[in-house]
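See below for the structure under consideration.
The values are calculated or read from the model by the stated rules, or taken from the named source; none is laboratory data. Note that the structure is predicted; figures quoted are calculated from it, not measured. Every residue, glycine as well, gets a Cβ built from its backbone with ideal geometry; the counts of neighbours run over all protein chains shown.
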């Protein structure tokens, strides 16, 4: 099914593109969320007029993404996590954690799906995280995962926990 994209959508296309997608994806996601319209004759004519307006919007989005890239490139985020005696952390550092830290420290809203993690972060250390912004602009930040010294160590917590009996 051919649709005209009204918003940039990951792995589909940019604003204003006419793309061929599966009918279920168009009916169940793109059209109800106002991210696309069906590419019929009436919509194509109406969209030709709106396309000029959207091109300006895309340029503004790319310019905004370039500004965000300038702020993000080389930025260092520190995340504190509880650890065991080794350098393994409890749980992992997720894209949501990274998104919240960027919002807290820089007051920049980053799309969680644009945060690219090669593998889950489950150990202490320093990592380079790639971010995909609007307009195929990419930025990279440094993520440092450190032990949370204010939290009691896991071993002590396990020893103090009451034992349950069956």
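Filtering the stretch 119-152 to residues that are assigned to a helix (DSSP H, G or I), touching a residue at least 12 places away in the same chain (Cβ under 8 Å) and more than 17 Å from residue 102 (Cα to Cα) leaves only 135. With respect to the conditions (1) more than 13 Å from the chain's Cα centre (by Cα); (2) more than 14 Å from residue 77 (Cβ to Cβ), residue 111 falls short on a single one, namely (1). Here residue 100 fulfils each of the conditions (1) more than 26 Å from residue 148 (Cα to Cα); (2) assigned to a helix (DSSP H, G or I); (3) out of contact with any strand residue (DSSP E or B) (no Cβ under 8 Å at 6 or more places or on another chain) apart from (1).
In the stretch 82-91, which residues are part of a strand (DSSP E or B) and exposed (fewer than 15 other Cβ atoms within 10 Å of the Cβ)? Hits for the stretch 82-91 are 88, 90, 91.
Of the residues making up the stretch 52-65, at least one is over 30 Å from residue 105 (Cα atoms), surrounded by 14 or more Cβ atoms within 10 Å (Cβ to Cβ) and at pLDDT below 90.
Here residue 70 fulfils each of the conditions (1) surrounded by 14 or more Cβ atoms within 10 Å (Cβ to Cβ); (2) within 22 Å of the chain's Cα centre (by Cα) apart from (1). Residue count for the stretch 97-131, restricted to those that are in contact with a helix residue (DSSP H, G or I) (Cβ under 6 Å, 6 or more places away or on another chain) and more than 14 Å from residue 71 (Cα to Cα): 3. The condition of being surrounded by 14 or more Cβ atoms within 10 Å (Cβ to Cβ) and out of contact with any strand residue (DSSP E or B) (no Cβ under 8 Å at 6 or more places or on another chain) holds for residue 106. When the stretch 14-24 is filtered for residues that are surrounded by 15 or more Cβ atoms within 10 Å (Cβ to Cβ) and on the phi < 0 side of the Ramachandran plot, the ones remaining, listed by number, are 14, 15, 19, 21. The test for being within 27 Å of residue 123 (Cα to Cα), touching a helix residue (DSSP H, G or I) at 6+ places or on another chain (Cβ under 8 Å) and not in a helix (DSSP H, G or I) holds for residue 79.
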